[in-house]
Amino acid sequence: MLLLDGKRLTKGKAFSSNGVSYPANWLELTSREQHEEIGIVYAADPAPARVWDQRWAWGYLDNGDLNWKDYDQKKTQLLAENNETAGFLLAPTDYTVIRKYEKSIAIPDDTSSFRDEVRRINDAREAAINGTSTTEELHGISAFADLPYPGGVAEWKATREAAAAKAAEEAAAAAAAEAAAAAESSSEESSESSSESSSESSSESSSESSEESSAE
């Protein structure tokens, strides 16, 4: 950081001092010695201001720790937000449940599976929230990176289809690998059997030749 007359200088910006004006590129084109000749002081950059998530903490204490907000209040808020999110996601398909009981029309499989997944995620998030004991722990899980809600029925259907396709590919690859291993093993056994037969045949031929020689 460069200071002149108590003010911070910015490279690429013109400045003036003691009635003398300096062009925007003056600092880049001159040396440190020239800078110091006109009174420029080289100082360490100030420490960056500490930032924090103001939704969860009031700021920093004198000892450097965060001053977290009230745990019970934040827990109640997070539980409410979780239920609101689940309710928002379920609302567009609530009519399928009503229709089932009023008209005996079955809920589509994808819709039923989607609603089950939303409830599963809701329960899992609630369990994670109830498993905390401090605001800091709440803040640590609040993003729920490992418990994302499905975005909608169409997205959930696409996710399930992609997972099923991947599982089928992996199963096919495993079956192919198993078949290849079995074929290789069978080939080795066949080769060993052929070698043994050839050895036995050679032995028998040698024995017969020996007997014929003795008879003569």
Nearest 10, in degrees from 0 to 90: the angle of helix 94-103 to the longest Cα principal axis of the chain is 50
How compact and how long is the chain, expressed as Rg and Dmax of its alpha-carbon atoms in Å? 39.3, 133
Counting all C-alpha pairs of the stretch 57-155, share separated by more than 22 Å (%): 44
Taking 1 over the mean of 1/r across every pair of different Cα atoms in the stretch 2-42, what Kirkwood radius in Å do you get? 10.1
Select from 20, 153, 51 the residue whose mean-square fluctuation is largest in a Gaussian network model of the chain (Cα-Cα springs shorter than 10 Å). 20
Around residue 176, what is the net charge, scoring Lys/Arg as +1 and Asp/Glu as -1 over all other residues with Cβ under 12 Å from its Cβ? -3
Starting from 0.36 nm per residue, how many nanometres of slack lie between residue 60 and residue 113 once their C-alpha separation is accounted for? 14.5 nm
Taking the 0 to 90 degree range and rounding to the nearest ten, how far is the long axis of helix 71-90 tilted relative to the main principal axis of the chain, both from C-alpha atoms? 60
In Å, what Kirkwood hydrodynamic radius results for the stretch 4-132 from the alpha-carbon pair distances? 21.5
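Quick note: the coordinates plus some simple rules give every number you see, no bench work behind them. Every value quoted in this text rests on a predicted model; they were computed, and no experiment measured them. Note that each Cβ is placed from the backbone with ideal geometry, even for glycine, and that neighbours are counted across all protein chains shown.
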